[in-house]
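Reviewing the structure listed below.
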Protein chains: 2
Amino acid sequence: MKKKRNEELAYEKVKRAIMLKKLNPDQRVTEEWLSQELKMSRTPIRSAFKRLESEGLLTLIPHRGAFVCNPSDKELEDVFRLRVVIERYAAELAIENMTDEDVVEMEKLLKRELEAYESKDFEAFLTINSLIHAFPAKLSNNTFLLQEIERLNQWSDCYLILKDEFYTIPTEEAKSIPEHHAILEAFRNRDVDKMCDEIETHLLSTLDDLSERKSIFS
Amino acid sequence: MKKKRNEELAYEKVKRAIMLKKLNPDQRVTEEWLSQELKMSRTPIRSAFKRLESEGLLTLIPHRGAFVCNPSDKELEDVFRLRVVIERYAAELAIENMTDEDVVEMEKLLKRELEAYESKDFEAFLTINSLIHAFPAKLSNNTFLLQEIERLNQWSDCYLILKDEFYTIPTEEAKSIPEHHAILEAFRNRDVDKMCDEIETHLLSTLDDLSERKSIFS
DNA sequence: AGCGAAGAAATTGTATACAATACATGAACA
DNA sequence: TGTTCATGTATTGTATACAATTTCTTCGCT
């Protein structure tokens with residue numbers, strides 16, 4: 001395996017730590033502490049922090065330190081509503097450019113999703129979920145669209161995990177499987193309007209579930 | 001004036017240099033060279049590079065260096081088409097939340113735009129143009145939407161300049177003034193559909209002008 | 001006790017030396 | 001002549017020492 005730069009390692013480890021809640025929202029993380037923890041100097045840590053900040057996972061305050069992001073419910077909703085708009089657009093373009101092989105490709109993704117769900121592999125499930133949502137954008141042939149969708153998707157994952165006290169694989173994930181199939185069906189039929197609507201329904205349903213689940217504790 | 005961090009200075013200077021074409025597309029910029037040029041060590045330069053990369057102005061290749069972005073025509077079009085989708089959404093939300101003062105505010109912006117145009121202050125013109133396009137997003141009350149619009153807008157500005165061999169204040173800018181007024185008018189009348197359409201027309205017209213202008217030389 | 005200032009401690013910001021890596025150059029060889 | 005491999009050079013990557021800045025603490029004053 002190719003040797004990775006420490007900067008890259010630091011980035012991945014911190015991100016993972018945030019996702020797995022080893023680092024809590026609003027927690028302060030100092031360069032010094034992390035450099036001891038990861039057994040490297042502060043230099044690559046600083047670089048990694050920069051990148052994590054640009055992705056919204058950390059907030060850097062000059063001369064103060066790095067703080068793990070702590071998204072509000074409103075922000076979570078904001079992201080999902082923006083995703084609706086952008087992913088609908090991606091669907092439009094995807095259907096314009098699609099071929100029969102793409103349908104097969106999408107079917108494969110859904111199959112992998114099911115497998116991940118059944119083997120309760122939470123991380124794999126998240127990864128495949130991202131791939132599914134990025135799939136139309138991949139066909140769109142619009143680089144920026146893909147980029148934006150991946151960005152927002154990543155945020156969603158992170159926020160989703162951060163906001164939930166006891167995140168494992170909840171029932172909600174089971175629900176998203178038939179919803180993804182509905183999207184696939186519309187895609188197969190090249191039905192733009194249907195596909196857009198299914199995407200909207202799915203995203204808003206996920207958002208609803210999140211709000212609901214949260215309200216148990218609040 | 002508060003003393004700025006060198007990292008901040010480096011960021012601003014490089015960005016400006018790219019915008020003013022002191023640095024050409026695809027040009028390689030080494031940390032060493034810039035550190036001598038800006039009379040600071042490589043450390044703050046590296047930080048600045050990271051940020052410029054995340055904004056798409058530079059491409060960083062590990063162990064190779066930093067390269068000034070060189071967007072293709074296709075990418076320019078991609079960005080503008082994505083902006084259409086997102087700014088339309090912003091307009092919808094803006095009209096939901098708007099008050100009478102907001103109309104006054106928008107009028108002020110257009111007045112400032114005209115002033116900048118008449119005094120041929122190109123940089124001011126670009127700045128105000130960005131403010132105008134971000135204005136609906138500001139009213140939208142969706143943080144991410146605003147962020148995305150500002151990002152794409154900044155890209156557009158940069159690409160717009162990079163792609164044009166002899167950029168000053170061309171006639172196209174004059175055209176955008178009445179188009180902005182059409183948007184304002186729809187906004188004043190709280191006419192969502194009209195406002196969305198005017199935004200779309202304006203963005204696509206800008207894109208057309210860019211493609212056309214370019215084709216003179218190609 | 002409350003307030004303010006001065007200094008101490010903690011932490012990021014910067015400079016610099018050195019290591020690791022990628023690319024270019026050129027020699028050896030077929 | 002063309003190809004491969006070793007070596008050299010340029011440039012980024014990393015560690016570390018030190019400077020600058022912010023925050024915390026403590027002490028003195030009212």
- Identify, from the list A:GLU113, A:GLU150, A:GLU105, A:GLU123, the residue that is crowded, with 20+ Cβ neighbours inside 10 Å, of a type in the set (Asp, Glu) and away from chain B (no Cβ under 11 Å). A:GLU113
- Among (1) without any contact (Cβ under 8 Å) to a residue 40 or more places away in the chain; (2) within 16 Å of DNA strand C (Cβ to nearest atom); (3) in contact with a strand residue (DSSP E or B) (Cβ under 9 Å, 6 or more places away or on another chain), where does B:GLU12 come up short? (3)
- Quick one: is A:PRO44 surrounded by 16 or more Cβ atoms within 10 Å (Cβ to Cβ) and either more than 11 Å from every other protein chain (Cβ to nearest Cβ) or at pLDDT 90 or above (or both)? yes
- Query: Does any residue of region B:28-35 turn out to be of a type in the set (S, T, N, Q), within 14 Å of another protein chain (Cβ to nearest Cβ) and surrounded by 14 or more Cβ atoms within 10 Å (Cβ to Cβ)?
  - Reply: no
- Note on the structure: Checked region B:27-39 for anything of a type in the set (D, E, K, R) and out of contact with any strand residue (DSSP E or B) (no Cβ under 6 Å at 6 or more places or on another chain); matches are B:GLU31, B:GLU32, B:GLU37, B:LYS39
- Within region A:56-67, is even one residue away from chain B (no Cβ under 12 Å), within 20 Å of A:LEU146 (Cα to Cα) and within 16 Å of DNA strand C (Cβ to nearest atom)? yes
- Message: As an exercise: evaluate B:PRO71 against (1) modelled with pLDDT under 95; (2) in a helix (DSSP H, G or I); (3) within 14 Å of chain A (Cβ to nearest Cβ) and give the number of the one condition it does not meet.
- Response: (2)
- Task: Output the qualifying pairs, or none if there are none: Cβ atoms under 9 angstrom, residues six or more apart or on different chains, first residue in region A:24-41 and farther than 23 Å from A:TYR159 by Cα, second residue more than 8 Å from DNA strand C (Cβ to nearest atom) and basic (Lys, Arg).
- Result: A:GLU37/A:LYS13; A:LEU38/A:LYS13
- Task: Considering only region A:126-144, state which residues are within 14 Å of chain B (Cβ to nearest Cβ) and either hydroxyl-bearing (Ser, Thr, Tyr) or in contact with a Lys or Arg (Cβ under 8 Å, 6 or more places away or on another chain) (or both).
- Result: A:SER140, A:ASN142, A:THR143
- Can you spot a residue in region B:96-105 that is part of a helix (DSSP H, G or I) and modelled with pLDDT under 95? no
- Residue in region B:42-63 that is farther than 24 Å from A:ARG5 by Cβ and of a type outside the set (Val, Ile, Thr) present: no
- Please tell me if A:ALA116 is of a type in the set (Gly, Ala, Ser), assigned by TED's automatic domain parsing to the domain that holds A:GLU179 and closer than 20 Å to B:ASP78 by Cβ. no
- Note on the structure: Those residues of region A:131-179 which are small (Gly, Ala, Ser) and at pLDDT below 95 amount to A:SER156, A:ALA174, A:SER176
- Query: Which residue out of B:ILE18, B:ILE61 is within 9 Å of DNA strand D (Cβ to nearest atom) and either under 20 Å from A:PRO62 (Cα atoms) or not acidic (Asp, Glu) (or both)?
  - Reply: B:ILE61
- Query: So which residues in region B:29-56 are in contact with a Pro (Cβ under 9 Å, 6 or more places away or on another chain) and within 11 Å of DNA strand D (Cβ to nearest atom), if there are any at all?
  - Reply: B:SER35
- Query: So which of B:GLU53, B:GLU12 is crowded, with 16+ Cβ neighbours inside 10 Å, in a helix (DSSP H, G or I), charged (D, E, K, R) and not assigned by TED's automatic domain parsing to the domain that holds B:GLN154?
  - Reply: B:GLU53
- Message: Quick check on region A:15-42: of everything there that is in contact with a helix residue (DSSP H, G or I) (Cβ under 8 Å, 6 or more places away or on another chain) and assigned to a helix (DSSP H, G or I), which residue is farthest from DNA strand C (Cβ to nearest atom)?
- Response: A:MET19
- Query: In this structure, is A:ALA124 in contact with a strand residue (DSSP E or B) (Cβ under 9 Å, 6 or more places away or on another chain) and either outside any helix (DSSP H, G or I) or over 30 Å from A:ARG42 (Cβ atoms) (or both)?
  - Reply: no
- Message: If I filter region B:80-90 for residues that are of a type in the set (A, V, I, L, M), away from chain A (no Cβ under 14 Å) and free of Cβ contacts under 8 Å to residues at least 24 places away in the same chain, do I get at least one hit?
- Response: no
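The values are calculated or read from the model by the stated rules, or taken from the named source; none is laboratory data. Everything numeric here is computed off the predicted structure, so don't read it as measured data. With ideal geometry, Cβ positions are generated from the backbone for all residues, glycine too; neighbour counts draw on all protein chains shown.
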